[in-house]
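Accompanying notes for the structure given below.
Where a number appears in this text, it was derived from the coordinates with a stated rule and is not lab data. Treat the numbers as computed from the prediction; the structure is a model and nothing was measured. Every residue, glycine among them, receives a Cβ derived from its backbone with ideal geometry; neighbour counts consider all protein chains shown.
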Amino acid sequence: MLKGAFTAIVTPFKNGQLDEEAYRALIERQIEGGIHGLVPCGTTGESPTLSHAEHKRVVEILIDQVKKRVPVIAGAGSNSTAESVELTKHAQAAGADYALMITPYYNKPTQEGLFQHYKTVADATKIPIVVYNVPGRTSVNLLPETMARLAAIPNIAGLKDATGDLKQGSKTLELCGDKIAVLSGDDFTTFPLLCVGGMGVISVVSNVVPKDMAGMCDAFFKGDLAEAKELHYKMWPLTEAMFFETNPVPVKAAMKMLGKITGEVRQPLCPMSAANEEKLRQVMQKYGLI
């Protein structure tokens, strides 16, 4: 079962193109930091501005570099069901362990439409699917009752809950029981969601501090709540800094400060404002990262 800290890894660019050398180095840094799994081509990986060829290449490079050392949850969602089937089939063929599928954005399907979307992709593939619910980006909210229906489908394996709503998360856990793994999609809610039955996180901040996020999950599952709580609050200022502006702009700026990537983002995203970059730098210095 899905368990622990999974990094929604950034896609590094250099002069507008995928920086493969930097990307492979980032992957190694994550594994060396003890991360429990990696997620290419999520929101943090700027999937909306990757061409299909780039998307597939980013997934393939990560799978090749990981070499089965940790599970890979490949981003494979779209607001088109047919496109989602295509990307999920690619993730399966490439050797990913799971496919991450966002709720269709812009279209605003009903709850029945959401159910049928996931069912269609699940029926067309064999790879375990992690549903990704992030209403703040998609304008639709997959309700717990709908997730409970999806949990009955054999290859629906988990939920990335990025609602930020612990009431909804608790309701989902109540209705789904142990049929799926519920992972936090918001670094802020990881520790409290673990406390009510969550199994981990798909994280932004772990791009910067994989050891601490993995350590928090490890501590929790060992029953050391004091250590888990301490790491939760240690990471809190950095977690806040990751959202000074739209993700992944701040995390890419942070990784640039660490000398790992150029920090480039693709339009319509743009570099951080000077004021927010300075605030981020101060947080990084206080944390002892730079």
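For region 1-115, list log₁₀ I(q)/I(0) at each q in 0.13, 0.17, 0.20, 0.21 Å⁻¹, using the Debye formula over Cα point scatterers of equal strength and ignoring solvent, two decimals each.
-0.48, -0.80, -1.06, -1.14
Could you line up L142, L173, L100 from fewest to most neighbouring Cβ atoms inside 10 Å?
Starting with the residue having the fewest Cβ neighbours, the order is L173, L142, L100.
Set the Förster distance to 30 Å, then compute FRET efficiency between A93 and K119 from the Cβ-Cβ distance, nearest 0.05.
Numbers: r = 21 Å, r/R0 = 0.70.
Efficiency, rounded to the nearest 0.05: 0.90.
For a distance above 19 Å, tell me the whole-number percent of Cα pairs in region 164-226 that qualify.
That fraction is 29 percent.
Whole Å is fine, so just give me how far the alpha carbon centre of region 1-19 lies from that of region 115-169.
Cα centroid of region 1-19 versus Cα centroid of region 115-169: 22 Å apart.
Using Cβ counts within 10 Å as a stand-in for footprinting exposure, how do I153, I180 rank, fewest first?
Starting with the residue having the fewest Cβ neighbours, the order is I153, I180.
When the helix-only estimate is applied to the chain (DSSP H runs of n ≥ 4, each -39,500 (n - 2.57), divided by the residue count), what is the mean residue ellipticity at 222 nm, nearest 500 deg cm²/dmol?
So the calculated ellipticity at 222 nm is -14500 deg cm²/dmol.
Restricted to Cα positions, what overall size does region 119-193 have along the principal axes? Three whole-Å values, descending.
34, 26, 19
With both partners inside the chain, how many of the DSSP beta bridges are antiparallel, as a percent to the nearest 5?
5 percent
Could you sort out which of K68/K234; K126/K167; K108/K160 sit more than 29 Å apart by Cα distance in this structure?
K68/K234; K126/K167
In whole Hz and in residue order, list the ³J(HN,Hα) couplings for region 233-240 that follow from phi through the Karplus curve 6.51 cos²θ - 1.76 cosθ + 1.60, θ = phi - 60°; x for Gly and Pro.
Karplus-based 3J(HN,Hα) across region 233-240 equals 7, 4, 7, 3, x, 5, 4, 4 Hz.
What's the percent breakdown of Cα-Cα distances in the chain across 10 Å bins, shortest bin first?
Going out from 0 Å in 10 Å bins, the chain shows 7, 31, 38, 21, 3 percent.
At 0.36 nm per residue, and after removing the present C-alpha to C-alpha distance, how many nm does the segment from M1 to E278 gain when stretched out fully?
95.7 nm
Label T262 and A82 with points 7 Å out from Cα along Cα→Cβ: what is the distance between them in nm?
In this crude spin-label approximation the distance works out to 3.5 nm.
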